[in-house]
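Step one of this worksheet: look at the structure below.
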């Protein structure tokens, strides 16, 4: 049986729609919660797939959250091994940091359901399974630069770097393709203070989730299936 280890920062930002897909493919899924579990656990580097999920902190918040530096070092080692790695939102920013790229705040936060623009390389790869009219969930206030040697895959008007790939084994997504629209209420409650501070009405996000939920869930399965199919054979 294959194994997936997911590093989680807040309980509701989990693998979402990706988890049942992995289980259907014979993966045993294990979560490690930062600040609770030991990230030095050998199972992390031994996992067939490592996923680093999102969270409401920054990729360089070492002084406030010391585990961030440990995560960046862990991802640096994982990238060096060439073994499968997926970073989502904060996880993508930590991947960028681990690959030597800068990460910093945007002028305005990008929160809500909106479509992506794919680069030619993005259209050619797994993200090409994402229909142009299907919006994805954006929920971030930081952005990353493109690491040296990485392929730029997607962008929006507000954020020029929405996804990058390194080789065939590493994928970084600034957006939340994994988020299950049927569970949007957990996000609205968990990030209630942020929504209030930014003047975003949770009722609008709830409406958007209901409107695009079925199409987005199908697109998520298609994209992640294509990416998993394209992983190196040893994965």
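Here, segment 79-191 has an Rg and a Dmax of 13.6, 39 Å when only alpha carbons are counted. Length gained on full extension, residue 65 to residue 36: 9.2 nm, using 0.36 nm per residue less the C-alpha separation. Stretched out straight at 0.36 nm per residue, the stretch from residue 77 to residue 225 would grow longer than its current Cα-Cα span by 50.7 nm. Cβ crowding within 10 Å, taken as a proxy for footprinting-reagent exposure, orders 1, 106, 95 from fewest neighbours to most as 1, 106, 95. Distance between the pseudo-spin-label points of residue 121 and residue 207 (7 Å out from Cα toward the beta carbon): 3.9 nm.
Restricting the count to DSSP beta bridges whose residues both fall in segment 2-229, what percent are antiparallel, rounded to a multiple of 5? Around 50 percent of the beta bridges assigned by DSSP in segment 2-229 are antiparallel ones.
Taking the chain as a Gaussian network of alpha-carbon nodes connected by springs under 10 Å, the highest mean-square fluctuation of the residues 138, 37, 176 belongs to 37.
Dividing the mean sequence gap of close Cα pairs (under 8 Å, 6+ apart) by how many residues the chain holds gives a relative contact order of 20 percent. Calculated FRET efficiency, residue 106 to residue 46, Cβ-Cβ distance, R0 = 25 Å: about 0.10 to the nearest 0.05. With only the Cα atoms considered, the chain has a convex hull volume of 115 Å³ per residue. Could you give the distance between the Cα centres of segment 83-144 and segment 175-235, to the whole Å? When both Cα centres are located, 13 Å separates them.
Values in this text are rule-based calculations from the coordinates and carry no lab data. Predicted model only: the values in this text are computed from it and were never measured. Ideal geometry is used to build each Cβ from the backbone, glycine not excepted, and the neighbour counts take in all protein chains shown.
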